[in-house]
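Trainee: Below are the structure tokens for one structure; questions will follow.
The numbers here are math on the coordinates, done by the rules we state, and not lab data. Quantities reported herein were computed from a predicted structural model and do not represent experimental measurements. Using ideal geometry, Cβ is built from the backbone for each residue, glycine included, and neighbour counts are taken over all protein chains shown.
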Amino acid sequence: MSRLTNLDYKHYIRLTRQNYNYAILIRNIEAICSYFTSDYHVVTGRGVQSHGVDEQRHRWTAMFRADPIMLYRRRTRKLRFSEQSKHAEELGSWAGKYSLNQKINLVAGLYSAKWQRQAGGLWLIQSEVFTTIKTTCCENYVNSYSL
């Protein structure tokens, strides 16, 4: 197995994040969950905490069933890597939309993700913390709005 350089891990994590965003866009729950370690932990922008891939699978399924317009996107801003611990830190911004009471809510904020390099060289997300910075409520439910 070849050793990853800083450019390799940065490229890989950025590409994985793009694929993760696409999995959310097409509502592919198995693809979304394939990017998590088994002990994945998240704190959402609304302050909800959940732990484990099975819980994430359940939460994404429930969110997609309940809300036909729900969508989130993350954008990597900075990556740092620790050779000793085989972890990487990702800092970025996120934006999303969801419906509530027939109105569209637009949200945005910042996030931090901890990535863990697996034995085979695969990078998976171990934890994420999202902070909501801005929330806007639109008047009408519109299916055609896109992020």
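Trainee: Do the sum for the chain: with -39,500 (n - 2.57) for every DSSP H run of n ≥ 4, divided by all residues, what is the mean residue ellipticity at 222 nm, to the nearest 500 deg cm²/dmol? All intermediate terms of the calculation are to be shown ahead of the outcome.
Mentor: Working: 3 runs with 39 residues, N = 147.
About -8500 deg cm²/dmol.
Trainee: Moving on. What FRET efficiency comes out for ASP39 versus LEU15 if R0 is 25 angstrom and r is the Cβ-Cβ distance? Round to the nearest 0.05.
Mentor: Efficiency computed from Cβ-Cβ geometry: 0.60.
Trainee: To continue, here is another question. Quick check: the angle from helix 6-25's long axis to the longest principal axis of the chain, C-alpha only, nearest 10 degrees?
Mentor: Roughly 30 degrees, rounded to the nearest 10.
Trainee: Using a Förster distance of 30 Å, how high is the FRET efficiency between ALA119 and GLU55, based on the Cβ-Cβ distance and rounded to 0.05?
Mentor: Once rounded, the FRET efficiency stands at 0.80.
Trainee: Which value in nm describes the separation of the simple spin-label points at CYS137 and GLN84, placed 7 Å from the Cα toward the beta carbon?
Mentor: According to this spin-label approximation, the distance is 4.9 nm.
Trainee: Starting from the eigenvalues of the Cα gyration tensor, five times each then square-rooted, give me the equivalent ellipsoid semi-axes of the chain, largest first, whole Å.
Mentor: Output for the chain: semi-axes of 29, 16, 13 Å.
Trainee: Turning to a different aspect of this structure: Among ILE104, HIS41, GLN126, pick out the residue whose Cα is farthest towards the positive end of the charge dipole of the stretch 29-147, where Lys and Arg carry +1 and Asp and Glu carry -1 on C-beta, about the Cα centre.
Mentor: ILE104
Trainee: Which lysines does LYS10 reach when only Cα atoms under 29 Å apart count, and residues fewer than 8 places away in its own chain are ignored?
Mentor: In chain and number order, the partners are LYS78, LYS86, LYS97, LYS114, LYS134.
Trainee: Between ARG27 and VAL48, what is the label-point separation in nm under the 7 Å Cα-to-beta-carbon projection?
Mentor: 1.6 nm
Trainee: In addition: Viscosity 0.692 mPa s, temperature 37 °C: Stokes-Einstein D of the stretch 54-134 from its Kirkwood Cα radius, in µm² per second?
Mentor: It diffuses with D of about 228 µm²/s by this estimate.
Trainee: Dipole size in debye (nearest 20) for the stretch 6-137 around its Cα centre, Lys and Arg Cβ +1, Asp and Glu Cβ -1?
Mentor: Dipole of the stretch 6-137, to the nearest 20 debye: 520 debye.
Trainee: Would you mind calculating the gained length between LEU91 and MET63 on full extension (0.36 nm times residue separation, minus the Cα-Cα distance), in nm to one decimal?
Mentor: 7.6 nm
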